[in-house]
There are 2 protein chains.
Amino acid sequence: MAEKIHFIPITGLPVVQPGDDLADLLLTALSKMGETLQNGDVIALAQKIVSKSEGQLINLAGITAGELAHEIAPLAAKDPRHVEVILRESKQIIWVSPGIFVVETYHGYVCANAGVDRSNIEQEGNGEILCLLPRNPDASAANLRATLEKRTGVKLAVIINDTHGRPFRMGGVGVLLGASGIVALHDERGQTDMFGYRLQATLTAMGDELAAATSLVMGQSAQGVPAVIVRGLSYERPDPDLGAKPLIRPGDKDVFRYPPGSDTWRARVLPHW
Amino acid sequence: MAEKIHFIPITGLPVVQPGDDLADLLLTALSKMGETLQNGDVIALAQKIVSKSEGQLINLAGITAGELAHEIAPLAAKDPRHVEVILRESKQIIWVSPGIFVVETYHGYVCANAGVDRSNIEQEGNGEILCLLPRNPDASAANLRATLEKRTGVKLAVIINDTHGRPFRMGGVGVLLGASGIVALHDERGQTDMFGYRLQATLTAMGDELAAATSLVMGQSAQGVPAVIVRGLSYERPDPDLGAKPLIRPGDKDVFRYPPGSDTWRARVLPHW
């Protein structure tokens with residue numbers, strides 16, 4: 001029997017500041033909404049509020065661009081200091097052209113600009129403040145889950161969303177950056193369909209579908225809502241908990257990872273990770 | 001003010017047969033559930049039930065593989081007749097290797113096997129029946145929307161989901177194959193963030209996020225539920241209605257479309273579309 005699934009935007013969160021306790025902010029907002037967490041709820045958080053609470057902010061005013069950053073900046077049509085920050089977050093450069101700078105981050109994510117972004121970041125008088133991805137998004141999710149479970153007494157899952165562009169398709173979609181308490185990749189190979197046919201290649205990125213769903217809900221208000229509760233979803237609890245990592249496609253299993261012409265950069269694997 | 005969004009699986013649909021009237025089947029199932037459609041509801045349908053209702057089925061027993069299909073079959077590790085069917089659905093071959101056969105379909109979708117699939121298709125005594133994508137998924141969605149709106153008196157949107165694999169990430173996710181009554185790609189460039197910063201590169205594939213969300217809900221029961229109502233979503237009504245087409249990334253704007261080594265096939269653009 002398939003049940004209804006409800007997506008509940010968590011409204012009334014303040015602008016998150018470095019050092020803020022997200023569990024506190026979430027529970028206060030929920031209490032103002034007259035909402036309590038229930039067993040099995042999934043809490044989805046936008047990457048940016050997790051990064052900000054963890055102080056993952058960097059001021060360009062303090063950055064000196066190195067040689068490689070100066071070389072890439074005109075090709076990427078970006079400030080060399082911005083490129084420097086992206087390179088520090090990267091293991092490998094995948095593609096550079098004006099407006100498209102795709103790297104593999106030190107976490108293993110293949111995405112534009114290593115996820116470094118300035119939108120929705122409060123700026124100070126001078127300089128320009130950029131937001132980096134959390135150092136370890138799975139650990140961020142696990143810590144928040146542990147705190148929320150302790151304070152509410154219910155079993156939860158926590159996911160952290162980012163938005164990625166994609167080959168083949170226009171526009172960004174929500175993807176899973178970090179997770180705790182939920183299996184992100186389902187392997188249905190060997191199961192049978194409704195007529196007994198054995199499924200052959202069915203890996204479902206349930207974690208990314210969930211991130212896309214909650215990203216859709218986060219985008220529903222004009223200013224965006226950075227946290228959403230998913231209620232009524234059936235999901236598997238992982239053991240061991242691999243977080244969002246199973247969704248990362250290894251480079252050697254990805255024929256599309258290196259476009260023609262990317263060899264120039266691929267040869268220069270960045271040494272610092 | 002952000003509102004709750006509800007996903008309601010439409011249960012109790014029969015196994016869809018060629019010639020079935022999907023609007024009839026959906027309204028009957030809803031009536032048995034005690035559910036009525038409301039203004040603004042989005043009805044999401046799995047591609048397979050749309051294809052089956054439109055008779056988009058083909059029996060391999062009646063297929064003769066051509067020369068190119070015979071050449072590709074061992075490279076793709078597939079039955080030459082199966083390859084023949086895929087080629088007939090394709091404008092261009094993007095990549096062939098054992099287990100990976102990526103093409104651009106005549107609709108413009110870049111996906112594995114041109115979306116041709118045999119899972120959840122009732123098989124006859126001899127031969128093997130494969131399911132093709134709908135001929136014109138946007139038109140399928142528009143027709144169903146017109147019928148449902150006429151019969152219920154409410155304004156709706158209809159989307160048709162498929163599941164695609166992706167570069168960079170493991171596992172398939174729901175993507176938008178056809179749509180009517182909803183803007184699939186949002187352009188937020190030029191809008192400002194919560195601190196007045198002008199957003200620079202924000203195209204959001206809301207249609208794909210919605211397809212991923214409803215695909216997640218469809219996968220929640222053991223046998224899958226091929227139709228879902230989304231209630232409470234804010235969305236823009238398109239004028240003109242471009243359906244799912246804005247989500248197709250043109251080949252010349254996609255540096256990742258042709259992996260190294262794909263030139264062999266790219267040179268042989270298929271002539272029949």
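The values are calculated or read from the model by the stated rules, or taken from the named source; none is laboratory data. Everything quoted here is computed from the prediction, not taken from an experiment. Note that each Cβ is placed from the backbone with ideal geometry, even for glycine, and that neighbours are counted across all protein chains shown. Keep in mind that these areas ignore ligands, DNA and RNA; they rest on the heavy atoms of the full protein, side chains included. Shrake-Rupley method; radii C 1.70, N 1.55, O 1.52, S 1.80 Å.
Figures for the structure shown
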| quantity | calculated |
| --- | --- |
| Cα gyration tensor shape of the protein assembly as shown, rounded if a/c is under 1.5, else prolate or oblate by comparing a/b with b/c | oblate |
| Three-way shape call for segment B:153-264 based on the alpha-carbon gyration tensor, with the a/c threshold at 1.5 | oblate |
| Cα centroid of segment A:60-110 to Cα centroid of segment B:195-267, whole Å | 27 |
| Coarse-grained scattering of segment B:86-125 at q = 0.25, 0.29, 0.36 Å⁻¹, given as base-10 log I(q)/I(0) from a Debye sum over alpha-carbon atoms | -0.76, -0.90, -1.19 |
| Ratio Rg/Rh [Cα only; Rh per Kirkwood] for segment A:1-106 | 1.16 |
| Length-normalised contact order for chain A - Cα pairs under 8 Å, 6+ apart - percent | 25 |
| Interchain or long-range residues, amide H under 5 Å from residue A:160's placed H | A:45, A:177, A:178, A:179 |
| Vicinal HN-Hα couplings computed from phi for segment B:176-187 (Karplus, 6.51 cos²θ - 1.76 cosθ + 1.60; Hz; Gly/Pro x) | 7, 9, x, 7, 8, x, 8, 7, 8, 10, 9, 9 |
| Shielding by partners, peptide B:248-256 (average Cβ within 10 angstrom, other chains) | 5 |
| Globularity ratio of segment A:62-172, using Cα Rg and 2.2 N^0.38 Å | 1.27 |
| Per residue, in Å², the accessible surface of the protein assembly as shown once ligands and nucleic acids are set aside, probe 1.4 Å | 41 |
| Residue A:151 accessible area, 1.4 Å probe, all protein chains in place, Å² to nearest 10 | 130 |
| Percent accessible area from carbon and sulfur atoms, chain A, protein chains only, probe 1.4 Å | 50 |
| Shielding score for B:183-195, defined as the mean number of other chain Cβ atoms within 10 Å | 3 |
| Segment A:59-107: radius of gyration over Cα atoms, expressed as a fraction of 2.2 N^0.38 Å | 1.03 |
| Kirkwood estimate for chain A, i.e. one over the average of 1/r between Cα atoms, Å | 20.0 |
| Under 5 Å, built H, 5+ apart or other chain: amide partners of residue B:172 | A:203, A:204, A:205 |
| Under the Karplus curve 6.51 cos²θ - 1.76 cosθ + 1.60, θ = phi - 60°, whole-Hz ³J(HN,Hα) for segment A:240-246, x wherever Gly or Pro sits | x, 7, 8, x, 8, 4, x |
| Top of B:181, B:251, B:165 by mean-square fluctuation, Gaussian network on chain B, Cα under 10 Å | B:251 |
| Inter-chain shielding of B:5-14 (mean C-beta neighbours from other protein chains, 10 Å cut-off) | 4 |
| Relative contact order computed over segment B:97-142 (Cα-Cα under 8 Å; 6+ residues apart), in percent | 26 |
| Structure-based [θ]222 nm, chain A - -39500 (n - 2.57) summed over DSSP H runs of at least 4, per residue, nearest 500 | -7500 deg cm²/dmol |
| Using a 7 Å Cα-to-Cβ projection, residue A:129 label spacings across copies, nm, ascending | 6.2 |
| Convex hull projection area averaged over all views, segment B:150-195, Cα basis, nm² | 6.4 |
| Under-5 Å amide H pairs with residue B:92, H placed in peptide plane, nonlocal only | B:104, B:270 |
| Exam field: residue A:191 pseudo-label spacings to other copies (7 Å along Cα-Cβ), nanometres | 3.6 |
| Listed residues B:191, B:220, B:56, most fluctuating in chain B (Gaussian network, C-alpha, under 10 Å) | B:191 |
| Equivalent-ellipsoid semi-axes of segment B:193-246, from the Cα gyration tensor, Å, largest first | 29, 16, 11 |
| Percent RCO, i.e. relative contact order, over segment B:109-181, from Cα pairs under 8 Å lying at least 6 residues apart | 29 |
| Cα shape, segment A:218-258, gyration tensor, a/c 1.5 rule | oblate |
| Using θ = phi - 60° and Karplus 6.51 cos²θ - 1.76 cosθ + 1.60, couplings along segment A:143-152 (whole Hz; Gly, Pro as x) | 5, 5, 4, 4, 5, 5, 5, 5, 7, 10 |
